[in-house]
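Notes follow the structure.
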Amino acid sequence: MALSKLENLYRQMILEHATHPHHHGSLKKADQDIELRNPTCGDVLTLQVELKDGKVADIAFSGSGCTISQASASMMTDEVVGKTPEQIGKMVVAFSEMVTGNESDDVDELLGDAAILAGVAQFPARIKCATLAWKAIYQAVKADDKKSTVGFLRHDE
Amino acid sequence: MGKKMNSYAEDFPILKQKVNDEQLVYLDNAATAQKPRAVIEAITDYYYHDNANVHRGVHTLAERATKDFEDVRSKVAHFINAPSKDEVIYTKGTTEGLNWVAASYGQTHVKAGDEIVISYMEHHSNLVPWQQLAHRTGAKLKYISLQPDGQLDMSSVRQEITDKTAIVALAHASNVLGVVNPLAEISRIAHEHGAIMVADGAQSTPHMKIDVQELGVDFFAFSGHKLMAPTGIGILWGKSELLDEMPPLEFGGEMIDWVQLQETTFKKAPWKFEGGTQNIAGVVGLGAAIDYLEKIGMDNVQKQERAVVQAVLPELQQIEGLTIYGPQDAQKRTGVISFNLDNLHPHDVATALDMEGVAIRAGHHCAQPLMEYLNVPATARASFYLYNTIEDGQRLVEAIKATKEFFKNGTI
């Protein structure tokens, strides 16, 4: 059956994260509040980040999206807590490379459970779904101003 | 019918391929249609034998290209029953046509306090140009409501169109809901109030006989690529008395009558709107697509599609957890079927169907206000055309069932 190939994309852990996403909701006190949209499909992701001592102390996301974008957001939020913006920057680059088929040897170490999303590389149409949350955290921790950054993905990314 | 059912697919070389090891079933026709061999060959022939710029050469090739270019204009006029070929303007597609009406007619006729009336089912290309025109002129943009089954609410039509209304702009057929709007009746209402009627024919022209005079509209725009012609060519038809008073939007070669240092006079419509070298090969392809469709007959095209929808819709309706948007009666719809599978995002559905070789669209279909109106983030959409068969519809049904089974333990 042709759908057997789907198992490379929809691994059990991905389905679990999508069904029961971690850090889903909002924060009472956020240092960064970012909304990122994927204009090609209308997906919206809102991300809130609380920073303490130069690290991510707490994080929350909300919005609508497909299984892949929701699972990826859930996994991302698990992995970035306690990390510095520099560390997060490296993770985002590693994730982006991984889902476009350039997986480095240290993805498991850098990305933890999120490394399971490597299967997305076989589904080029879904790369944007996977990267939305990672682009959002990148903008959140790298942004200069404190609040309400709105961004969108480029068509050619 | 000229041909037996199922045999049209043979005219479309692209359909003979496997996708993800499965025979391709192309059901994304509302986005763009595939091209028959006759269209592909017409474009090749043009470049092999006739290519030249139009309207400006005295040599033989220029004469031939100009004749091809202008003959298609007559062909289009006949295809939509326009009174005159001079009312047929080449554009790059529906979007450009609608934008031109908004920017040229709209900008010179709409003033602060006027109303522009559209509906909740409009594609962004028949929404944003009017919204921006309203912003520029101080006019008010109003929306006609829909009935629960997705058809236009006629009492809302009568309520929203008033003596202040300058322009009514509506889709002839919806790209999401599969409904056909009663434009003839709405045109009468618009005209009673002194408004003009603009029709977005992108989703109707490929699938049914169009008669702009019977529809009573003032402008009618459509795209070539959805009716088997190449991308980048479309038509804006408008009543000559309106076109005559509209200022051109793009200045340059081809559209001028006489240029002096400080003043220029322009050609008449349609040429005054066609600045610069046009998409001549696209026009040739459009002519070949119209020939192909007219040989079959637009009534037969519609019959063929309706037969497939009538067979497929009941099977889809029986799938538990599948929501179908728009009228549930196959007689009231086109070949566009939008749906959602419970607890599953349409992107996930589209990826799963792609693995089964079935190409559908997932997303907001350039109709974000409609998605909001339906209270869904997005939908999946299967859209049929002449070359699709009942078997193709069954492949869709089976693929949806398999997708449901794959995700049976639930995701989001």
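Structure above, values below:
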| item | result |
| --- | --- |
| Test result for A:Asp105, away from every other protein chain (no Cβ under 12 Å) and either farther than 22 Å from B:Gly363 by Cα or of a type outside the set (A, V, I, L, M, F, W, C) (or both) | yes |
| Residue count, segment B:148-174 (criterion: open to solvent by less than 10 Å² (accessible area, probe 1.4 Å), in a loop (DSSP other than H, G, I, E, B) and touching a His at 6+ places or on another chain (Cβ under 8 Å)) | 1 |
| Residue within segment A:114-123 that is touching a residue at least 24 places away in the same chain (Cβ under 8 Å) and assigned to a loop (DSSP other than H, G, I, E, B) present | yes |
| Selection within segment A:29-47 - away from chain B (no Cβ under 14 Å) and either charged (D, E, K, R) or more than 30 Å from B:Ala350 (Cβ to Cβ) (or both) | A:Lys29, A:Ala30, A:Asp31, A:Gln32, A:Asp33, A:Glu35 |
| Wholly enclosed strands (runs of 3 or more DSSP E) of segment B:205-276 bearing at least 2 residues open to solvent by 50 Å² or more (accessible area, probe 1.4 Å) and touching a residue at least 60 places away in the same chain (Cβ under 8 Å) | none |
| Checklist (1) at the interface with another protein chain (Cβ under 10 Å from one of its Cβ atoms); (2) touching a Lys or Arg at 6+ places or on another chain (Cβ under 7 Å); (3) open to solvent by 20 Å² or more (accessible area, probe 1.4 Å) applied to B:His365, failing item | (3) |
| B:Gln310 vs. criteria within 21 Å of B:Thr389 (Cα to Cα), at pLDDT 95 or above and within 17 Å of the chain's Cα centre (by Cα) | no |
| Which listed residue is open to solvent by less than 20 Å² (accessible area, probe 1.4 Å), within 14 Å of chain A (Cβ to nearest Cβ), within 25 Å of B:His207 (Cα to Cα) and hydroxyl-bearing (Ser, Thr, Tyr), from B:Thr379, B:Thr351, B:Thr334 | B:Thr379 |
| Any hit, segment A:7-23, residues being in contact with a helix residue (DSSP H, G or I) (Cβ under 9 Å, 6 or more places away or on another chain), at the interface with another protein chain (Cβ under 9 Å from one of its Cβ atoms) and exposed (fewer than 14 other Cβ atoms within 10 Å of the Cβ) | yes |
| Within segment B:337-348, considering residues that are open to solvent by less than 10 Å² (accessible area, probe 1.4 Å) and under 30 Å from B:Pro182 (Cβ atoms), the one nearest to the other protein chains (Cβ to nearest Cβ) | B:Pro346 |
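Each row is one residue, and each column tells you yes or no for (1) part of a strand (DSSP E or B); (2) more than 25 Å from B:Cys366 (Cβ to Cβ).
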residue	(1), (2)
A:Ser26	no, yes
A:Ala30	no, yes
A:Glu35	yes, no
A:Cys41	no, no
A:Thr46	yes, no
A:Leu51	yes, yes
A:Val56	yes, yes
A:Phe61	yes, yes
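Here is a yes/no grid of residues against (1) farther than 25 Å from B:Gln302 by Cα; (2) acidic (Asp, Glu):
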residue	(1), (2)
B:Gln317	no, no
B:Ile324	no, no
B:Ala330	no, no
B:Ala378	yes, no
B:Ser383	no, no
B:Glu391	no, yes
B:Gln394	no, no
B:Lys404	yes, no
B:Phe407	yes, no
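The values are calculated or read from the model by the stated rules, or taken from the named source; none is laboratory data. Everything numeric here is computed off the predicted structure, so don't read it as measured data. Cβ coordinates were reconstructed from backbone atoms using ideal geometry, including for glycine residues, and neighbour counts include every protein chain displayed. SASA here: full protein model, heavy atoms, side chains in, ligands and nucleic acids out. Shrake-Rupley method; radii C 1.70, N 1.55, O 1.52, S 1.80 Å.
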